[in-house]
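Report on the following structure.
The values are calculated or read from the model by the stated rules, or taken from the named source; none is laboratory data. Keep in mind that this is a model prediction, so the values were computed, not measured. Quick reminder, even Gly has a Cβ in these numbers, built from the backbone with ideal geometry, and neighbours come from all protein chains shown.
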Amino acid sequence: MRIRKLTLNGFRSYDRAEIAPESGLNLLYGANAAGKTNVLEAVFLCALGRSHRTSKDQEMIGHGLSGAYVGIEAETNTGLRTVEIKLRTGDAAAKNPKDRKQIFIDRQRADKAGDLMGVLNVVMFSPEDLALVKASPDVRRRFMDMELCQLRPAYYRKAAMYNAALRQRNALIKEAFSDPIDPEVLDMWNVQMARTGAEVMRARREFMDQLSTIASDVHRRLSGGREQLFAFYEPNIDFDERDAEYAIYDALAASAEEDIRRGFTTRGPHRDDIGIKLGETDVKVYGSQGQQRTAALSLKLSEIALIRDVVGESPVLLLDDVLSELDEERQKALMNSAFGCQCLLTATGVESAAKDKLAALFEVRDGNITKINR
Ligand SMILES: Nc1ncnc2c1ncn2[C@@H]1O[C@H](COP(=O)(O)OP(=O)(O)OP(=O)(O)O)[C@@H](O)[C@H]1O
Ligand SMILES: [Mg+2]
């Protein structure tokens, strides 16, 4: 995939900006707070329908404005596609909440964020991703979910349905503090969670199986053949020997009493994790800082290969300030994996490791982006 044009209107620090990145490596450089990450965030928004750094869409609207617009034109293996997102706040948005975020795909209004999945493929890589291994489980769950949404567009809807059922079950359980609850209603949510949760768990298992093989290879190279990485799905409910739907249903039924006592649903894929080992050692607990960062890098780099395999085209890479965080050998590995991808890279200066490979150079300053002719 290749982005031909990116347009920002009232998005974060940009009144109006437009860039036409080249294929290959594009460096966006500028001082801290110049607006570099904002650009990558806008691209991520068009690919996944949300920001990578906030769950509050309205934060992305420029201060004092009533709306924001981001548009992307991209060449993909399904042809030339356009994705546009409009964010609204204030009276108009208050009247019709559906208008707070409007998504247009090839100029047609999409009614669900799910329609967006798979239209554009991007991999975002920021310094926080290097903490993937030592972060809390929700960060690793988000890692699986974001990837699955792009690899299998139907996953988005399944996960959303599971989360909706989970919210309903939690609401019911909270009621139990004051009133006895109807066991039939609870059972209905257990069934609903089991049905949708089973699809989430099966998809995650398959995804981790595929990713794991690639990640082991990548990690072996990164560690000079010294370390063997195993990354695997750690479901909160074991379903090795049986059907996932029954396994979840039984676990929910068995934990009902405890759930009511604790006030939330204690079992289910919303508490899944990824296990990461080097040989026999749990890297999350015992790994050195360097081992944890290298394992995280291996997992992220594997995403690129997996998207290439499954989708059949290279994703656009969004590399936010990561080169400065890596030593020379790891920078090289990253640049090798990026080979053949269009890449938007941010840095505070031009003296980055990628300097001699650049296809285009953009200076970011005071809410403006200027292409530098070389
Ligand atoms: N909704 C908004 N409206 C206007 N300006 C905003 C909004 N949100 C963020 N900003 C501004 O955007 C700037 C930060 O942009 P960004 O995070 O892209 O910087 P950066 O170039 O990536 O910096 P760094 O090198 O420190 O990562 C800040 O000046 C911030 O005040
Ligand atoms: Mg930044």
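Taking strands (runs of 3 or more DSSP E) as the structural unit, those lying wholly within the stretch 31-128 and holding at least 2 residues that are without any contact (Cβ under 8 Å) to a residue 40 or more places away in the chain correspond to 79-88, 101-105, 108-110.
Glu325 falls short on exactly one of the conditions (1) more than 16 Å from ligand 2 (Cβ to nearest atom); (2) at pLDDT below 90; (3) surrounded by 14 or more Cβ atoms within 10 Å (Cβ to Cβ); (4) among the acidic types (Asp, Glu), and that condition is (1). Based on this model, can you work out whether Gly49 counts as more than 17 Å from Gln102 (Cα to Cα) and among the small types (Gly, Ala, Ser)? No: the conditions fail for Gly49.
Looking at Leu116, is it assigned by TED's automatic domain parsing to the domain that holds Ala338 and surrounded by 19 or more Cβ atoms within 10 Å (Cβ to Cβ)? For Leu116, the condition - assigned by TED's automatic domain parsing to the domain that holds Ala338 and surrounded by 19 or more Cβ atoms within 10 Å (Cβ to Cβ) - is met.
Please indicate, with yes or no, whether at least one residue in the stretch 227-237 is farther than 24 Å from Tyr286 by Cβ and either among the hydroxyl-bearing types (Ser, Thr, Tyr) or in contact (Cβ under 8 Å) with a residue 12 or more places away in the chain (or both). Looking through the stretch 227-237, at least one residue is farther than 24 Å from Tyr286 by Cβ and either among the hydroxyl-bearing types (Ser, Thr, Tyr) or in contact (Cβ under 8 Å) with a residue 12 or more places away in the chain (or both).
Summed over the stretch 22-65, the residues that are over 28 Å from Arg141 (Cβ atoms), within 16 Å of ligand 2 (Cβ to nearest atom) and surrounded by fewer than 16 Cβ atoms within 10 Å (Cβ to Cβ) give a count of 3. Any residue at all in the stretch 346-354 that is within 16 Å of ligand 2 (Cβ to nearest atom), among the hydroxyl-bearing types (Ser, Thr, Tyr) and touching a strand residue (DSSP E or B) at 6+ places or on another chain (Cβ under 6 Å)? There is at least one residue in the stretch 346-354 that is within 16 Å of ligand 2 (Cβ to nearest atom), among the hydroxyl-bearing types (Ser, Thr, Tyr) and touching a strand residue (DSSP E or B) at 6+ places or on another chain (Cβ under 6 Å).
Counting the residues of the stretch 239-279 that are among the basic types (Lys, Arg) and touching a Phe, Trp or Tyr at 6+ places or on another chain (Cβ under 9 Å) gives 1.
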